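Asker: Before we start, here is the structure in question, set down as structure tokens.
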Amino acid sequence: MAGLDWTYGVSTLRQWESADYEPSLPVSEKSNPLTRDIDQASAYSIVKMLQLCDSQMFQEEAGTTYQRLLSDQVVKTLMEVAKRVEVIIKDPQESCVVMSGCGTSGRLAFLISSGFNKALSQLNQSKVYSYIIAGGDRALLSSQEAPEDDPRLGVLSLKKVCEGKKRVLFIGISCGLSAPFVAGQLDFCLHHPEVYTPVLVGFNPAHQARDEPIQDCTFTFHSVVQRMQELAKSQKAFLINPAVGPEAISGSSRMKGGSATKILLEVAFSAAHAATFSNTPITYNGVLQHMKAYERTLDVTYSQTDGITTLVEAAGQSLRCSRHVYYLGWGSLALLGLIDASECTPTFGADYEDVRGFISGGYRELNNNDGPLTSLGPKFSIAHEDFLHLILPCLTDKDTVLLIYTHPDDVTEVGNMARRVREKTPNLHAVYHQADGDTAASLQQDDIKKLCLSTLKITWPREALASGTLQHMQRELSTKLVLNAVSTGAHVLKGKIYQNHMIDLQVTNTKLYRRATRLLQKLSACPEENCEEALLKAIYRVDMLTVEMTSSDITTHTCFARNSTKVVPLALVILLTSWSLVEAESHLKQQPIVREAVAQWMW
Ligand SMILES: O=P(O)(O)OC[C@@]1(O)O[C@H](CO)[C@@H](O)[C@@H]1O
């Protein structure tokens, strides 16, 4: 892979696989040795680090420790899942495919189901794909972390979507094999095998599935996985759980976890569609080649490192001076902008106004289950018209605006928007996709280029395998990689990250509570007990914890934490200094960049 020789050797790329590397953590929670110094890196180095992290997705299997994306077993399971989907497509009245997940996993379920339903509609076929996202449609555009802990809610939403169906292929997505919401749904499927065939998509080996008790349940995620493993032997359940390596920002499964989810499901569904509509049998080689086409997507995208670096620098500068980044997109590429923007709140503790996405056509284009959500508040205004009315009048040259589109499909509209934005700010950039050899001169494209400070052109080779649909899905993945780099890089440059950990994480569900406690242990070197005590003091904003507080369960703590800010930084300062809560709070107020606020005790 191009860039492999950049700073790191192969051993660093594979270090995370060693049995003694952070042995108590599942892969999805480990910290990536490649990005240990990302918090001190330049924009260019950040992009190169992200490239290397992403390349780990396609590393070959070494030994028997971890299954990988291209492993034999993964390819074979995808073939079997594709065959089940083929059967369902042929019987749309009685059957359906349901994808479900929390946060990014649910958003990708939405993106993928929309894309494949559209493909069916274009062939005059009935739709068979549905999505479920924990917290409902509002979670498509905003952070809703608490419902992830609720298995009953998962079951209720599954029953609702499947009403009247006789055969359901249920695909539960949980990158860390950890979300109780998904565990509940899988458990329900296992109890109703006459209707449901469960498939689990995630990125840890089965033995690393979360084994923490779930409130009022007799099962854990781990026990559900064990039952599925047993049934997988007779193909009554399927596990697709290759390891893709630790995330660039520890635990941020929106990145590789999200990308790999998109790749796996699109490969399976594309194979099923090709088998049904173009008589192309589902073969091992066909599936493998399709996966490899996605590997080339990474190369095509990261061949534009300089262009991506420019965008990271621009976005970083905007965030550093408390201004904003706006993604203005067209078609499904815009959806990737909405998704990326929505993830900044839970990942970086960002305000929804820091990074915002807008889609041409608004909710009409989004076509989500619940329709327009504008009445839920200003963060749900997502149409370009909303941008023009609400944002444009106050836009300054400190804000970064990014146009995201396909050439030549969208250029007329893009040109019009570019002119409007350019009247307010020169800080306008474009990311666009174009097929190789598509040299049709376009005056509009030239105009757009002249209006933009930078343009990132991603050119797609015309490969034999790359049908229109595959090309489109590759463009989506490529856009995801670019935007993940922009928002992650910008927040790193803003000082939101310590080493490769997000310090200011929200503590709004059990997974995040555990992650926060672990992080405090790592950074303060204090015992777990003290760290949890400091965390609770920061959540409840007290110097002395009451018995009621210490005896409450994690759900109560995380509910309370929803209204507290800077919980983990506060706990860290308390641990490192033994200051009172008020002193620690005032210190953080004076130095809002958390990394700098704690640096003096940690370097
Ligand atoms: O159940 P998963 O997929 O392991 O985790 C889902 C989740 O908690 O993790 C993501 C970020 O880490 C969020 O998008 C989402 O809320």
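Asker: Can you find a residue in the stretch 540-553 that is in a helix (DSSP H, G or I) and either under 23 Å from residue 302 (Cβ atoms) or among the polar types (S, T, N, Q) (or both)?
Answerer: Looking through the stretch 540-553, at least one residue is in a helix (DSSP H, G or I) and either under 23 Å from residue 302 (Cβ atoms) or among the polar types (S, T, N, Q) (or both).
Asker: Continuing with the same structure: Going through the stretch 488-516 one residue at a time, which ones are open to solvent by 10 Å² or more (accessible area, probe 1.4 Å), out of contact with any Phe, Trp or Tyr (no Cβ under 9 Å at 6 or more places or on another chain) and either within 14 Å of the ligand (Cβ to nearest atom) or polar (S, T, N, Q) (or both)?
Answerer: The answer is 499, 501, 506, 508, 510, 511, 512, 514, 515.
Asker: Please verify whether the stretch 470-477 includes one or more residues that are open to solvent by 30 Å² or more (accessible area, probe 1.4 Å) and either out of contact with any strand residue (DSSP E or B) (no Cβ under 8 Å at 6 or more places or on another chain) or assigned to a loop (DSSP other than H, G, I, E, B) (or both).
Answerer: yes
Asker: While we're on this one: Can you tell me how many residues in the stretch 142-160 are open to solvent by 50 Å² or more (accessible area, probe 1.4 Å) and away from the ligand (no atom under 12 Å from the Cβ)? Explain how you work it out, then say what you get.
Answerer: Narrowing the stretch 142-160 to residues open to solvent by 50 Å² or more (accessible area, probe 1.4 Å): 144, 152-153, 156, 159-160.
Filter again for away from the ligand (no atom under 12 Å from the Cβ), leaving 152-153, 156, 159-160.
Selection size over the stretch 142-160: 5.
Yes/no matrix, rows are residues, columns are (1) within 11 Å of the ligand (Cβ to nearest atom); (2) touching a residue at least 40 places away in the same chain (Cβ under 8 Å); (3) crowded, with 24+ Cβ neighbours inside 10 Å:
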residue: 192; (1), (2), (3): no, no, no
residue: 204; (1), (2), (3): yes, yes, yes
residue: 207; (1), (2), (3): no, no, no
residue: 220; (1), (2), (3): no, no, no
residue: 223; (1), (2), (3): no, no, no
residue: 236; (1), (2), (3): no, yes, no
residue: 243; (1), (2), (3): no, yes, yes
residue: 250; (1), (2), (3): yes, yes, yes
residue: 254; (1), (2), (3): yes, yes, yes
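Asker: Scan the helices (runs of 4 or more DSSP H) fully inside the stretch 326-444 and keep the ones with 2 or more residues being within 20 Å of residue 457 (Cβ to Cβ).
Answerer: Working: elements: 331-348, 362-366, 411-422.
Result: 331-348, 411-422.
Asker: Could you identify the single residue in 230, 266, 212 that is surrounded by fewer than 20 Cβ atoms within 10 Å (Cβ to Cβ) and assigned to a helix (DSSP H, G or I)?
Answerer: None of the others qualify; the one that does is 230.
Asker: Tell me, please, whether a residue that is among the acidic types (Asp, Glu) and over 25 Å from the mean Cα position of the chain (by Cα) can be found in the stretch 192-214.
Answerer: Among the residues of the stretch 192-214, at least one is among the acidic types (Asp, Glu) and over 25 Å from the mean Cα position of the chain (by Cα), which makes the answer yes.
Asker: Condition first: open to solvent by 50 Å² or more (accessible area, probe 1.4 Å) and either within 14 Å of residue 584 (Cβ to Cβ) or over 26 Å from the mean Cα position of the chain (by Cα) (or both). Now tell me which residues in the stretch 533-562 satisfy that.
Answerer: Within the stretch 533-562, 533, 541, 543, 544, 546, 547, 548, 550, 551, 553, 556 qualify.
Asker: Something else about it: If you go through the stretch 106-126 one residue at a time, do you hit one that is in contact with a helix residue (DSSP H, G or I) (Cβ under 6 Å, 6 or more places away or on another chain) and without any contact (Cβ under 8 Å) to a residue 60 or more places away in the chain?
Answerer: So far as the stretch 106-126 goes, no, none of its residues is in contact with a helix residue (DSSP H, G or I) (Cβ under 6 Å, 6 or more places away or on another chain) and without any contact (Cβ under 8 Å) to a residue 60 or more places away in the chain.
Asker: Here's another thing I want to ask about it. When the residues of the stretch 110-141 are filtered to those that are touching a Ser or Thr at 6+ places or on another chain (Cβ under 6 Å) and within 16 Å of the ligand (Cβ to nearest atom), which remaining residue is nearest to residue 558 (Cα to Cα)?
Answerer: 141
Asker: A further question follows. Report, by residue number, each residue of the stretch 126-141 that is over 20 Å from residue 338 (Cβ atoms) and open to solvent by less than 30 Å² (accessible area, probe 1.4 Å).
Answerer: Our first condition is that a residue be over 20 Å from residue 338 (Cβ atoms); within the stretch 126-141, this holds for 126-128.
Answer for the stretch 126-141, where residues must be over 20 Å from residue 338 (Cβ atoms) and open to solvent by less than 30 Å² (accessible area, probe 1.4 Å): just 128.
The values are calculated or read from the model by the stated rules, or taken from the named source; none is laboratory data. All figures in this text were calculated on a predicted structure; none of them were measured in a lab. Counting neighbours? That spans all protein chains shown, and the Cβs are built from the backbone with ideal geometry, glycine included. Heavy atoms of the whole protein, side chains included, go into the accessibility calculation; ligands, DNA and RNA do not. Shrake-Rupley method; radii C 1.70, N 1.55, O 1.52, S 1.80 Å.
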